[in-house]
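The values are calculated or read from the model by the stated rules, or taken from the named source; none is laboratory data. Keep in mind it's a predicted model, so treat the numbers as computed, not measured. Using ideal geometry, Cβ is built from the backbone for each residue, glycine included, and neighbour counts are taken over all protein chains shown. To get the accessible areas, we keep the full protein, side chains included, count just its heavy atoms, and leave off ligands, DNA and RNA. Shrake-Rupley method; radii C 1.70, N 1.55, O 1.52, S 1.80 Å.
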Amino acid sequence: MIKTIEDVKRMEPHEQRDWKFGLCIRNVIRVSEDLFTIDDTSHGWITAEVTLEQFEQLFKGELSIT
């Protein structure tokens, strides 16, 4: 389970983990060194591709995938 941005940074390429975001659980896959896929099924199915920098913005609440 991802709890901090450090958990994200330690993920290996092709590793998959869950990320509890509020009441929702998102599935995160590290595609490569700087690319992640996030699946959110809280309101239908949304898949977003984000960079590590964008992922950090998600954690800070500065960016939204919905």
- Item | Whole-percent carbon and sulfur share, accessible surface of the chain, 1.4 Å | 51 percent
- May I ask you to give the solvent-accessible area per residue for the chain, in square angstrom, as obtained with a 1.4 angstrom probe? 64 Å²
- Message: Let me check I've understood the local charge: for ASP39, count other residues with C-beta under 12 angstrom from its C-beta, Lys and Arg +1, Asp and Glu -1. What total comes out?
- Response: -1
- Using the Karplus curve 6.51 cos²θ - 1.76 cosθ + 1.60 with θ = phi - 60°, work out ³J(HN,Hα) for each residue of the stretch 33-42 in order, rounded to whole Hz, and write x for Gly and Pro. 4, 10, 9, 10, 10, 10, 9, 10, 10, 6
- Task: Could you rank the peptides 12-20, 28-36 by their average count of other C-beta atoms within 10 Å per residue, with the highest value first?
- Result: 28-36, 12-20
- Note on the structure: Normalised Cα Rg of the chain, dividing by 2.2 N^0.38 Å with N its residue count, works out at 0.99
- Item | Sum of -39500 (n - 2.57) over DSSP H runs of 4+, divided by residues of the chain (222 nm, nearest 500) | -5500 deg cm²/dmol
